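**Student:** Next up is a structure, given as structure tokens.
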């Protein structure tokens, strides 16, 4: 039996899920993961002290790190409502990137943040864990996925590909074409699907029984997967939402995009195929599916379904989904062998 087709062997991180209806995540898991599924959050949990500093430091303390008029504006504004984000702070008159950096410096010097918070880069307060994930993703991501993650920063994406490998998130932030929106998109791609990726790893670790199995992926080159399928036979190839120039040869094109329900159904079916003997922890399943739901709610997806075989005695069925706006992607595969 072939565990996975040649085109999928190059895939590094596997994502997706499937199975029968699963109990929803427990409250404690949802609370732990809530900040990881909010794409607009601009302060990592390890950097929340920056907000604490701005909201509680006296005028005299703020005045040490900022011009007096800026400190006055912050104190006046927070009297009406506490600051909840860097964007909120930046809405105050005279506060820009330089003032945010000064606030981060003040928060560090006054003990509000520690070494687990790197600081503020392109409007994001980044933790050391997030920074490591961002560097790892940028150094390994495929061309096609990176351009899907950065649909409005193609020059920035090309520059990243040409200049990698990187050793720091600061170096990535400094690349021409990478600004606030681009860095946030990269951060989201690198960090927001951790519970889902844990489920993916669990699915791919399930021992195979020699007759059938399943795999999933979170980061992959969808063009390579679709166009290098099947050394023996290619069956169904149906795509949707692709640019005409990106439609693989011989594919049929359906008019409607996929939605969150379609993505979830495919993942749940794949999870069911992989987890027939209940080897995967229910808490991992619950957290992974809750994370998936948070990331796909209200979204639209391009992608393809296809089947192929590498010999007369096996078959593979693959589904690929890519968010049309932010590039979030998942792939599922089920296979059989005589």
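Readers should treat all values here as calculations from the given coordinates under stated rules, not as data from a laboratory. What you see is a predicted model, and the numbers here were worked out from it, not measured in a lab. For neighbour counting, all protein chains shown are included, and Cβ atoms are generated from backbone atoms with ideal geometry for every residue, glycine included.
**Student:** What's the Cα-based Rg to Rh of segment 209-338, Rh via Kirkwood? Don't skip to the answer; put the middle values down first.
**Tutor:** Numbers: Rg = 15.0 Å, Rh = 15.5 Å.
Reported Rg/Rh (Cα atoms, Kirkwood Rh): 0.97.
**Student:** Using alpha-carbon positions, what is the distance between the centroids of segment 269-338 and segment 70-99, in Å?
**Tutor:** 44
**Student:** Restricting the calculation to Cα positions, tell me the Rg (one decimal) and the Dmax (whole number) of the chain in Å.
**Tutor:** That works out to 22.6, 78 Å for Rg and Dmax.
**Student:** Can you tell me the Rg and the Dmax, both Å, for the Cα atoms in segment 40-118?
**Tutor:** In order Rg, Dmax, the Cα atoms of segment 40-118 give 11.3, 32 Å.
**Student:** What order do you get for 63, 148 when you list them from fewest to most C-beta neighbours inside 10 Å? Show your work: numbers first, answer last.
**Tutor:** Details: 63 16, 148 23.
Final ranking by Cβ density, sparse to dense: 63, 148.
**Student:** A further question follows. Please give the FRET efficiency for residue 101 paired with residue 162, using the beta carbon to beta carbon distance and R0 = 35 Å, rounded to the nearest 0.05.
**Tutor:** Rounded to the nearest 0.05, the efficiency is 0.80.
**Student:** Choose one answer from 108, 218, 93: the residue with the largest mean-square fluctuation in a GNM of the chain with alpha-carbon springs under 10 Å.
**Tutor:** Judging by the Gaussian network model, the answer is 93.
**Student:** Which FRET efficiency, nearest 0.05, do residue 63 and residue 116 yield, Cβ-Cβ r, R0 35 Å? Provide the component values of the computation, followed by the final result.
**Tutor:** Values: r = 27 Å, r/R0 = 0.78.
Efficiency, from the Cβ-Cβ distance: 0.80.
**Student:** Can you sort 158, 142 from fewest to most other Cβ atoms within 10 Å of each residue's own Cβ?
**Tutor:** On the way: 158 16, 142 19.
The most exposed by this proxy come first: 158, 142.
**Student:** Let me ask something else. Once you order the gyration tensor axes a ≥ b ≥ c over the Cα atoms, which shape class does segment 258-322 get: rounded for a/c under 1.5, otherwise prolate or oblate by comparing a/b with b/c?
**Tutor:** Details: a/c = 3.63, a/b = 1.20, b/c = 3.02.
Since a/c reaches 1.5 but b/c is at least a/b, the shape of segment 258-322 is classed as oblate.
**Student:** A further question follows. Work the Kirkwood hydrodynamic radius out for segment 128-167: mean of 1/r over every pair of different alpha-carbon atoms, inverted, in Å.
**Tutor:** Numbers: mean 1/r = 0.0971 Å⁻¹.
Radius from the Kirkwood sum: 10.3 Å.
**Student:** Continuing with the same structure: Which one, 208, 279, 60, has the greatest fluctuation when you compute a Gaussian network model over the chain with C-alpha springs under 10 angstrom?
**Tutor:** 60
**Student:** Next up: Once you keep just the Cα pairs under 8 angstrom separated by 6 or more residues, what percentage relative contact order results for the chain?
**Tutor:** Working: 610 pairs, mean separation 95.3, N = 338.
Once divided by the residue count of the chain, the mean separation gives 28 percent.
**Student:** Please compute the modelled spin-label separation between residue 279 and residue 75, points set 7 Å along Cα→Cβ, answer in nm with one decimal.
**Tutor:** Placing both labels 7 Å beyond Cα along the Cβ direction yields 6.3 nm.
**Student:** Shifting gears a bit: Round to the nearest 0.05 the FRET efficiency obtained for residue 227 and residue 313 when R0 = 22 Å and r is the Cβ-Cβ distance. Show your work: numbers first, answer last.
**Tutor:** On the way: r = 24 Å, r/R0 = 1.09.
That gives a FRET efficiency of 0.40.
**Student:** If I stretch the segment between residue 176 and residue 209 completely, what's the gain in nm (0.36 nm per residue apart, minus their alpha carbon distance), one decimal? Can you show the working numbers first?
**Tutor:** Details: separation 33, 0.36 × 33 = 11.88 nm, distance 4.95 nm.
So the chain would gain 6.9 nm between residue 176 and residue 209.
**Student:** Which whole-angstrom value gives the distance between the alpha carbon centres of segment 45-67 and segment 183-256?
**Tutor:** 45
**Student:** Can I ask one more? Within a 10 angstrom radius of the beta carbon, how do 330, 135 rank from fewest other beta carbons to most? Please report the intermediate quantities before stating the final value.
**Tutor:** On the way: 330 31, 135 21.
Going from least to most buried by this count: 135, 330.
**Student:** Where a ≥ b ≥ c are the square roots of the eigenvalues of the C-alpha gyration tensor, would you call segment 110-179 rounded, which needs a/c under 1.5, or, failing that, prolate if a/b is larger than b/c, or oblate? Don't skip to the answer; put the middle values down first.
**Tutor:** Working: a/c = 2.46, a/b = 1.99, b/c = 1.24.
Here segment 110-179 falls in the prolate category.
**Student:** Okay, moving on. Which value at 222 nm does the chain reach when only helices count, each DSSP H run of 4 or more adding -39,500 (n - 2.57), with the total divided by all residues and rounded to the nearest 500 deg cm²/dmol? Write down the numbers at each step before the final one.
**Tutor:** Details: 16 runs with 150 residues, N = 338.
After summing the helix terms and dividing by residue count, I get -12500 deg cm²/dmol.
**Student:** Could you identify which residue out of 154, 313, 222 has the top mean-square fluctuation in a GNM of the chain using Cα springs shorter than 10 Å?
**Tutor:** 313
**Student:** Please give, to one decimal in nm, the separation of the simple spin-label points placed at residue 259 and residue 152, each 7 Å out from Cα toward the Cβ.
**Tutor:** Taking the two extended label points, one gets 2.5 nm.
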